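Asker: Pasting in a structure now, in structure tokens, and then I'll have a few things to ask.
The values are calculated or read from the model by the stated rules, or taken from the named source; none is laboratory data. Owing to the predicted nature of the structure, the values given are computational and were not obtained by experimental measurement. Cβ: placed from backbone, ideal geometry, glycine included. Neighbour counts: every protein chain shown.
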Amino acid sequence: MATPQTVRHLNEIRALNALFRDAGMSRADLARALGLNRSTTGNIITGLMTEGLAVERRDEPRGENAGKTGRPGIRVQIDPAGASFLGAEIGVDRLTVVVIDMLAQELLHLTLPFPTYQETPEAGTDRMVALIAEALASLDRPERLRGLCVTLPALLASDGTVINGLMLGWRDVKLKTMITDRLKRRFPSLDPVISIENDANAFAIAETYRDTTHRSETVAFLLIENGAGGGIVIGGRLLRGSAGFAGEFGQIVLGGNRVPAGRSKPGHLESYIGKDAILGFYRAQGGEPDLDRLLLALARGESAAIATARAWGERLAAGLIQVTSVLNPGLIILGGSVAPVFSHVAAEVAQAMQRELLEGFPMPRIEVSGLGVEGPALGGALLMHQRMFSIDESAIYASEQPITLFQS
């Protein structure tokens, strides 16, 4: 049976969700939204204000009401400075940190070029924690950090161990333990929730967390960096699969080994569409193996760049045909540093998919993410934000999974 304390916790989380959705409301409106009497709602508001999570502000008249007299109302609002959430990405050739506030607004963004794949896991973790420390030192109230999520391209165990980070060359790395120990040495008084997440899953969260337009459909995500990973969101929820590895679209087997696989498995989708692959093909066409130069050459319509993009698009289409046939997504979102190539071959990819899909099978919309390369780090921060706005069911019913009430 739920105790008064757990019921209070439940109602506080419901109140935070209501205030987040509506950007604040009066005490009376909040009581109606929660289905509680005004006295109980007042106690909840007092508790949130005591914790520094909510504030009351005068609702100043705006627009046509700006000149009217009368006592302005009081609105209860989430205090943006009440908590912060940090997301970090360990990429193949860069490290990124993003910090957001209680309103899920970005406070800062740091990116550092770093050849992680050439370093040991210990060296990579040391540099990641140093960048996290730099971000925390920039915050006005670092002690209000509530959650920290580190993302990376890897298969992960539930305890935060890297089972296989193929593109990084990491195997059986106890990353959560390493991050926790190093952070504790630097900030002994900090005790945030620490989580480790696959970068493509975090990217999927970043794309859908604040966008309600995709709540009712199946959305597939393909994050294309040096390799390629994927994520699946159905009805606003991330599909993880039985072991947490659902959506590994980069491992779709296309066959063949004509393209040097680099760090990827030969014949797998990522060995054809990842940054290593596309730059290798561009070099074979006489181009300089640099992604920015390739994108510039595409914008100029240079023949070597166009040939490279078309070869890349052909393999991308082959992979997306399989994703579409299995999942029937309404939307596919491409992200990562290589994704901008798609806009130069979008028509060819669509035509190739339509030729192979069963007649009458619906063609998904395909879009390029507007998040840029910080998507996974932002997603990590948003996952921690979501955790705070969710009810830990295990504290109430001894279940293993939290109930997520938050809906943006």
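Asker: Looking only at segment 12-26, which residues are farther than 15 Å from Met388 by Cβ and surrounded by 17 or more Cβ atoms within 10 Å (Cβ to Cβ)?
Answerer: If the condition is that a residue be farther than 15 Å from Met388 by Cβ and surrounded by 17 or more Cβ atoms within 10 Å (Cβ to Cβ), then Gly24, Met25 are the ones that fit.
Asker: Can you pull out the residues in segment 79-96 that are in a strand (DSSP E or B) and buried (at least 21 other Cβ atoms within 10 Å of the Cβ)?
Answerer: Ser84, Phe85, Leu86, Gly87, Ala88, Glu89, Ile90, Leu95, Thr96
Asker: Let me ask you something else. Is it the case that some residue within segment 206-214 is buried (at least 24 other Cβ atoms within 10 Å of the Cβ), within 12 Å of the chain's Cα centre (by Cα) and at pLDDT 95 or above?
Answerer: no
Asker: Specify which of the listed residues (Val326, Val345, Val349, Val338) is without any contact (Cβ under 8 Å) to a residue 24 or more places away in the chain and either acidic (Asp, Glu) or in the same structural domain as Lys275 (by TED's automatic domain parsing) (or both).
Answerer: Val326
Asker: Still on this structure, please answer the following. Consider Arg185 carefully, then state whether it is without any contact (Cβ under 8 Å) to a residue 60 or more places away in the chain, part of a helix (DSSP H, G or I) and surrounded by fewer than 18 Cβ atoms within 10 Å (Cβ to Cβ).
Answerer: Taking the combined requirement at face value, the residue satisfies it.
Asker: Tell me which residues, restricted to segment 291-309, are over 28 Å from the mean Cα position of the chain (by Cα) and surrounded by 15 or more Cβ atoms within 10 Å (Cβ to Cβ).
Answerer: Ala297, Leu298, Glu302, Ala304, Ala305, Ile306, Ala307, Thr308
Asker: Taking Glu122 as meeting all but one of (1) out of contact with any strand residue (DSSP E or B) (no Cβ under 8 Å at 6 or more places or on another chain); (2) at pLDDT 95 or above; (3) assigned to a loop (DSSP other than H, G, I, E, B), write down the number of the exception.
Answerer: (3)
Asker: Of everything in segment 130-163, what is over 20 Å from the mean Cα position of the chain (by Cα) and assigned to a strand (DSSP E or B)? Give them in sequence order.
Answerer: Ile163
Asker: Which fully enclosed helices (runs of 4 or more DSSP H) of segment 262-351 have 3 or more residues being of a type in the set (Val, Ile, Thr)?
Answerer: 303-327
Asker: Here is a further query. Could you check, for segment 103-115, whether at least one of its residues is under 27 Å from Phe245 (Cβ atoms) and touching a Phe, Trp or Tyr at 6+ places or on another chain (Cβ under 6 Å)?
Answerer: no
One line per residue, one yes/no per condition, for (1) at pLDDT 95 or above; (2) under 21 Å from Val373 (Cβ atoms); (3) surrounded by 19 or more Cβ atoms within 10 Å (Cβ to Cβ):
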position	(1), (2), (3)
Leu223	yes, yes, yes
Gly227	no, yes, yes
Ile234	no, no, no
Phe245	no, no, no
Pro260	no, no, no
Gly267	no, no, no
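Asker: What is the one condition in (1) touching a Lys or Arg at 6+ places or on another chain (Cβ under 9 Å); (2) surrounded by fewer than 21 Cβ atoms within 10 Å (Cβ to Cβ); (3) hydrophobic (A, V, I, L, M, F, W, C) that Ala352 does not satisfy?
Answerer: (1)
Asker: Can you find even one residue in segment 395-402 that is at pLDDT 95 or above, part of a loop (DSSP other than H, G, I, E, B) and on the phi > 0 side of the Ramachandran plot?
Answerer: No.
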